[in-house]
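The values are calculated or read from the model by the stated rules, or taken from the named source; none is laboratory data. Remember, it's a predicted structure, so these values are computed and weren't measured experimentally. FYI the Cβ positions are ideal-geometry reconstructions off the backbone, even for glycines, and counts take in every protein chain you see.
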Amino acid sequence: MSDKKKKKLPPQAQEYQSFQQDREVKRPIFKNCIKAFLVGGTICLIGQCITTFYIYFFDFTEQTAGNPTVATLIFITMLLTGFGVYDHIGQFAGAGTAVPVTGFGNAVISSAIEHRTEGFILGVGGNMLKLAGPVIVYGVFSAFIVALIKTILIQWGGL
């Protein structure tokens, strides 16, 4: 924005802006990115180890080992969230715990734990998918659109 287009603020607003800038906490962005990368990568490494475990010990293929791996990761997240450990990991790593499937599992489990005092039906059942529901709908809808585009391209001989 050029200086001509900037609006002049009243003196009180300028003072407040200066006051706010002086007291704003400086965030270590690079350090936070490194922590998120390392923790998110560690979660993915654990997921890969679980996949390898299912392939070698239960005769799954690489394609069929995905579902039990996701279920196992969500179960581990459920336990860690229930014992309060996952929250500490999330506070340390930030987005590094939100991106993998464990972040989704944590959102569902946290909501269920938060509303358990309201009962299992109206509390847990009614509230646990409030956050996760839109994510599921968006994921299913996006998958449908991508599959539709792929099918159209295959029918036209593009792929």
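Select, from Asp22, Asp59, the only residue that is surrounded by fewer than 10 Cβ atoms within 10 Å (Cβ to Cβ), assigned by TED's automatic domain parsing to the domain that holds Val108, charged (D, E, K, R) and modelled with pLDDT under 95. Full working, then the answer.
Numbers: Asp22 fails: assigned by TED's automatic domain parsing to the domain that holds Val108.
Testing whether each residue is surrounded by fewer than 10 Cβ atoms within 10 Å (Cβ to Cβ), assigned by TED's automatic domain parsing to the domain that holds Val108, charged (D, E, K, R) and modelled with pLDDT under 95 leaves just Asp59.
Okay, residues lined up against (1) within 20 Å of Gly47 (Cβ to Cβ); (2) loosely packed, with under 14 Cβ neighbours inside 10 Å; (3) in the same structural domain as Ile46 (by TED's automatic domain parsing); (4) touching a residue at least 12 places away in the same chain (Cβ under 8 Å):
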site	(1), (2), (3), (4)
Gly94	yes, no, yes, yes
Val99	yes, no, yes, yes
Ile109	yes, no, yes, yes
Arg116	no, yes, yes, no
Phe120	no, yes, yes, no
Tyr138	no, yes, no, no
Ala147	no, yes, no, no
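Taken together, the residues in the range 131-159 that are hydroxyl-bearing (Ser, Thr, Tyr) and within 21 Å of the chain's Cα centre (by Cα) amount to 2.
Kindly provide the set of residues from the range 30-57 that are among the charged types (D, E, K, R) and under 18 Å from the mean Cα position of the chain (by Cα), ordered by number. If you could, list the steps in order and put the result at the bottom.
Taking the range 30-57 first, the residues among the charged types (D, E, K, R) are 31, 35.
Within the range 30-57, just Lys35 meets the criteria.
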